[in-house]
Structure formats: structure tokens, C-alpha cells
Amino acid sequence: MAHMAISFLKIILIASTAAALAAGGAAASPPAPAPMGMPGCHTICGNISVPYPFGMGPARCYWPGFNLTCDNTTTPPRLLLGGEGGILQVQYFSLFESSVLVKRTPGDVKIDRDGNGSIFSGGPDHGTYKIMISDDWSGGGNELVVLGCNVRATLKHGNATVSACSTLCGDDQPPEPMWSVPSRLESSMVCTGLGCCQAAIVAAAAAIGEVRVQLEWFGRNRSADEERMPTRMFVAKEGWFEKKHVSEPLLLQKPSAMGAMGIPVDYGVPVWLSWEVDTNISSSHGHGHVVCDQGTRGGYACRCDIYYEGNPYIPDGCQDIDECEFHPCLDDGVCTNKDGGFDCGCPPGTHGNNSVPGGCTPFVSITQAEGDMCGRKCGDVDVLYPFGIGPSHCYRPGFNLTCDYPSGKLPRLLLDRFGIFQVQEISLPDTTLRVTSSFAVIEANSKNDFGFDFNNYFTSRGDVLYSLSTRNELILSGCNVQATLHGLDNDASIISGCTSFCSESDVSAGRVPIARNKNCYGMGCCQARISEPLDGGMPGMLSLKFADMNNFPDNMSRPPYALIAEEGWFDNRLVSDQQTRALQNKLRFAPKVRIVVDWKVLPSESVGLHDLRDHAKSSSGLNCTMDVAANICKSKHSRCIPAGTNTGYSCQCWEGYQGNPYEPHGCKG
């Protein structure tokens, strides 16, 4: 299989663009988050946020028919659909899909002796909600699940069939309990029609209270059939019954047997409901940038227009997206966000009119403008020696940085000559750089292997030696994929790696599960600590490949991605939402990732130890000799610290002194 590392030519074409992304929103403070609900209304119940048109409390807090109740008698509180006594507990809202995930307790559909019943008996008495079907949403809909012997289940709205399936057992079997129900898959429960059946809900334009249930027994002996497998019926979100820990207890013969095993009988069953509002608010005053589509029942489902996000149901709820967070400007252009879109200006290092051939001219650097003066600030970043910008006397060899300031925009401090990494902070005490990059992210949109080679950007030069800090971590998101970070020169040593798995139902549906909190636990995404390479320096290749090519998910809702980031930066749901927005807007996924880079100083050639690696091979360790200390630590109130057997040196001010130990008189008491 061909290995696809990012080519040097491609780097030249889009490198500066990627660096510019980090500065797209830096010039202005981010807008305040849009309100979730109406003024003066509670929008939190337990750990669930409640967006308008839903609401709790007075009628002004919710759209007619969208009232909820926060039940504070439990810990944590429960959010219930409708008024007090509701049986549908809210689990999750999706404004974009006009859907809500609820948990129905008790879970099975109650039917009378004649086989008739209603799915949501005792539920909301208004027509706000309908059962979601698979075609409503790419993330999945609901299905009918029936347990029993020789019984046919039909969901009907009037004379129209919403869903139906039949389960058989045969009349020649003895009237004994079925202790084993076959499945079409070993890893999950997919009914074969023997003892249980499943069917997608293909039409559900009716309100949830209007969908009726009809059961018909067609065996010769109904009581014997009930003895073999008691009839039970569920309407649940697709994939719920496939989980073995759900299906196996349900296939026990009687609820009393479940109780004997400590399994609660009144468990909850998740169901997706869709909803519509009765007014097209896209033409209403104060609801700008809103698009409403007419639903199947005459109402409207609204969403924010392209390039906007937020809550379309409240005034001014749709706010501009900062496209520069993840949009690639072609031809190395600089992205500038604007209301409802973006502009791509001249590449880094130039300014002018990008729409005219040859209209971008090189910028005048800070030091050129000031003659031989060394610039010690670029934008809002202090440039501390041994780093510097401008003439060679402004920095120690190899520590030169670039201050890129396109006309009219905040200057940006760039680490590498391609503009891939933007420096946000230089720390002398920690000998670290905090950089951001929106390019060092691997996204796998095909079956090929993908990689990013750090050696292309961090080859040591002059007296500087860079290494990837162990304060970073490896992040991988996707289904059945593996990410590996190799040591220097891509040798056999692996300094980090993890594998992310998904259930078979998630893979089949093209879903990537997202945990409710910001961390990863191996299902849908994983995180791993990073070790220091044995030879020091930066790592080699970060690679991503699929763990099982026989089960390649052709219908991925979100392609797998891998990245290196500072510990604590990654927020699973936030980054996944950025990827989803990029896919919806047909943009490249490029989050601004924060990375910590360690740096050390090598002694100058005049000291005779410039080739630090050869020196390390011929000695038991590095020592700060008088020559080395004098060459690196310029303040008389500083000390030289060997960083390891082969990773250079650093300087620290004496205790009681502060400042820059790399400059004469830099440490002050």
C-alpha cells in the first residue's frame, strides 16, 4: 500500500496559508456567545442545556408545544418532555437536525390482550413531535424491534403502515423457553426472524400520539408461543438493540427472570423524535441569516445559513463563523474573516492586491525599517534572545525567526521558513516555545496511509536544537484506525501510538461516537502520552492507517484524523464540531492546534563541541565546562545546565535573580 506523506511541493503551495489561519481571528476579540434561551429563563437542567424553542417555566420561555419540565426530585435532575408526569426523558438536542433524543421509561410498548396499543401512551398530548425515520438524518433513525414467536407487529397511522416485521418459531417445536436466539452477526445482535425481528421505520409523518400498534398471532397455539418467547415490542433508535449488553437481558424469558439477575425491568429505551415549528421565521424581523424548510407535517425546520452558526429560533441567534479557523486560502493567501464569508489576501511576507498578477510585493521587515535595531516584539509576542528577528547579530545562530506583518493586519511571529508554525510564546525558564499550526493535522479520506514528517520543518540549524515536548499528547479520532509517532529519522522506535475502535453498528452507519466530555477513552477517539526520542530532537513521521481494511467504512460521516497537541488543549466535542462544519461547508478541516516545542542551545563551533551528537557518543554525558558555560550563558549571575546526554544546554538565572541569562547583565537581583 502506498504511503502518502505530505509532499514538499504541496507544502510550498499551502504552507503559508496554514500559518495565516492561526492569525485569522487574532486582530479582534471573539464575539460573545449567542444566548441559548429567552431572556430571564432557565436553560440548564442537570447536565443538559436547553435551547429555545424548548424551554422550562413560564410560557414566554418556550415556543407553544415545546414546554419541558425539570424534575429536581432525582440526582441528577431529569429533563422531561411536556409537563409533570412525563415519561420521555430528554437526553440530547440537535437544532441543526431539528431532533431530540429521548429515553422512554418503561421501554417496551404496552399492548392489550387483543394486540392493540399506542407507542407513546401517556406521552405529550400535542402534535409537536414525530418519530424520526432513517431518511430524516444521516446519523440514523429509529427501528421496530419485536421479540416473540409466530407474531406479526405493525405500526400504523390511520390506514398507512409505518413499519412491520414478523418473528417465527415454528409449530413443531416443544413448548419450552428459547434459551438461545440466533443472530446474523457474532459481534452484535441482528435478528434473523427466529425469536425476534427488526424493521426500519420508513414513514412517520404522524404525531407520536397518533401511531398505533397492532399485533397478530398466527401460530396454532398462542399460549405455547408465549411460553417459548414472551411477546415484547420496542421502538428504539437504530443500533440500540444490537448491543449485546442490551439484547441479551431482553431475550431472557420473563421480566421476573431479569429481576432475579438484578436487571431493572423498567429500563429506558432511547428514541429519536423530530419536530417542527408552526411559523417560517426566516422572514421575521430580527431572524437574519436563517433558512427554513417546510416539513412533512406543514411546519418548518430552521437552521442557520451557510457561514453562520448558533440558534436560528432566537433573535440574532445566528452568528458569523470564523472561516479562517479552518479554511485553506489557495496560492498561499492570507485568510481574513468577514461577515458571511472570508477573503484571501496576499501571502505571508507580502502585501498589495492579490487579485492582480504581481500585485503582492515583499513586506518591509521591522529591522529594515529601523536600520540595525533588533526588533524585540512581533505583534503581541516578546522576542527574547537567543531568539531574534532581523540582522544576524540580533540572534544566536539558528535562532532566527520571521516577523510577518501583512499590511493592516496584526504581525505574526513565524518559526519555520514555510510559515507552518506560528510562535505564540517564548519561555526562557522552561526553554519552550508554544506554537500553533493548522497544517500539522492528518485527515484520512481514503484507504491509503497518511503521514506528516516533522523532520521537514525542525531540522536543527546553527546552535539550536528543537525537540517535541513530552507535555504534548497524540490525539486520534475515527473508527478502527491506528496512529503512530516514530522517533528521529523514522527509525523503528515508537514514541507514541494508540488505536481507536468503534462498534460494528457505528461503522455500518458511518458514525463516529463522541463522548459527552472532552476526553477520549478508545471508542471513537484515543489519546496517548508522548515519550522523548532516544536520540533527542524532533520525532519523525506521524502516521495514520486503518486497522482493519476488510471493514473500511466507505460511508464515514467524519474522516479519521490524527494530530499532536499540548496536553489539555483537545476538546473532543469542540474539534469534532469544527470538522463537521468544515464538511458541511465543503472546506478543509484545519483546527488551530497548540503544540509545545522544547529548545536547547548548542555550543558554538569555536568551543569544539558543535557536533553535539558525535560528542555524546564519545562521552558518558554532557558537562557544562567553563568554555561551554561562557559561550552560552552570558550573564555573570547565571548557571549552565546540561539538558541530557545529547540534548544540548540551557541557562538559568541564580536564585534571587530574574531576567535573561543569555544576555550580558540579563539576570538582575
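The values are calculated or read from the model by the stated rules, or taken from the named source; none is laboratory data. None of these values were measured; they are calculated from a predicted model. Every residue, glycine as well, gets a Cβ built from its backbone with ideal geometry; the counts of neighbours run over all protein chains shown.
Just give me the residues in region 319-349 being of a type outside the set (D, E, K, R), at pLDDT 60 or above and not in a loop (DSSP other than H, G, I, E, B), in sequence order.
Answer for region 319-349, where residues must be of a type outside the set (D, E, K, R), at pLDDT 60 or above and not in a loop (DSSP other than H, G, I, E, B): Gln319, Cys324, Val334, Cys335, Thr336, Asn337, Gly341, Phe342, Cys344, Gly345.
What are the pairs with Cβ atoms under 8 angstrom where one residue, in region 111-126, is at positive phi and the other, located anywhere, is at pLDDT below 70 and loosely packed, with under 12 Cβ neighbours inside 10 Å? Sequence gap at least six, or different chains.
Gly122/Gly85
Name the pairs: first residue in region 218-229 and touching a residue at least 24 places away in the same chain (Cβ under 8 Å), second residue among the polar types (S, T, N, Q), Cβ to Cβ under 6 Å, at least 6 apart or on different chains?
Listed pairs, sorted by first residue: Phe218/Asn150; Gly219/Asn150; Asp225/Asn150.
Quickly run through region 570-589 and pick out the residues that are among the hydrophobic types (A, V, I, L, M, F, W, C) and under 12 Å from the mean Cα position of the chain (by Cα).
Phe570, Leu574, Val575, Ala582, Phe589
Looking only at region 218-234, how many residues end up being part of a strand (DSSP E or B) and more than 18 Å from Thr161 (Cα to Cα)?
Residues that pass the stated criteria total 1.
Mind listing whichever residues of region 141-168 are part of a loop (DSSP other than H, G, I, E, B) and surrounded by fewer than 21 Cβ atoms within 10 Å (Cβ to Cβ)? Give the derivation first.
Of region 141-168, the ones part of a loop (DSSP other than H, G, I, E, B) are 141, 148-150, 158-159.
Residues satisfying the conditions are Gly158, Asn159.
If you take the residues in region 43-65 that are within 17 Å of Trp275 (Cα to Cα) and small (Gly, Ala, Ser), which one is surrounded by the fewest Cβ atoms within 10 Å (Cβ to Cβ)?
Gly65
List the strands (runs of 3 or more DSSP E) inside region 47-109, counting only whole elements, that have at least 3 residues being among the hydrophobic types (A, V, I, L, M, F, W, C) and under 31 Å from the mean Cα position of the chain (by Cα).
78-81, 88-94, 99-104
Is it true that Ser247 is assigned to a helix (DSSP H, G or I), surrounded by fewer than 14 Cβ atoms within 10 Å (Cβ to Cβ), at pLDDT below 90 and not basic (Lys, Arg)?
So Ser247 does not fit the description; no.
I'd like to know if region 506-527 contains one or more residues that are modelled with pLDDT of 85 or more and within 30 Å of Ile632 (Cα to Cα).
Within region 506-527 (the criterion being modelled with pLDDT of 85 or more and within 30 Å of Ile632 (Cα to Cα)), the answer is no, since none of the residues qualifies.
Hey, can you tell me all the residues within region 373-402 that are among the aliphatic types (A, V, I, L, M) and assigned to a strand (DSSP E or B)?
Val381, Ile389
Kindly list, by first and then second residue, each pair from a residue in region 541-568 that is more than 27 Å from Ser493 (Cα to Cα) and in the same structural domain as Asn455 (by TED's automatic domain parsing) to a residue that is at pLDDT 85 or above and assigned to a strand (DSSP E or B), limited to pairs with Cβ atoms under 9 Å and residues at least 6 apart or on different chains.
Filtered contacts from region 541-568: Arg558/Ser477.
Residue by residue through region 550-603, note down the ones that are small (Gly, Ala, Ser) and modelled with pLDDT under 85.
Answer for region 550-603, where residues must be small (Gly, Ala, Ser) and modelled with pLDDT under 85: Ser557, Ser576, Ala582, Ala590.
Out of Leu13, Leu21, which single residue is surrounded by fewer than 20 Cβ atoms within 10 Å (Cβ to Cβ), among the aliphatic types (A, V, I, L, M), modelled with pLDDT under 90 and assigned by TED's automatic domain parsing to the domain that holds Asp416?
Values: Leu21 fails: surrounded by fewer than 20 Cβ atoms within 10 Å (Cβ to Cβ).
Answer to the selection: Leu13.
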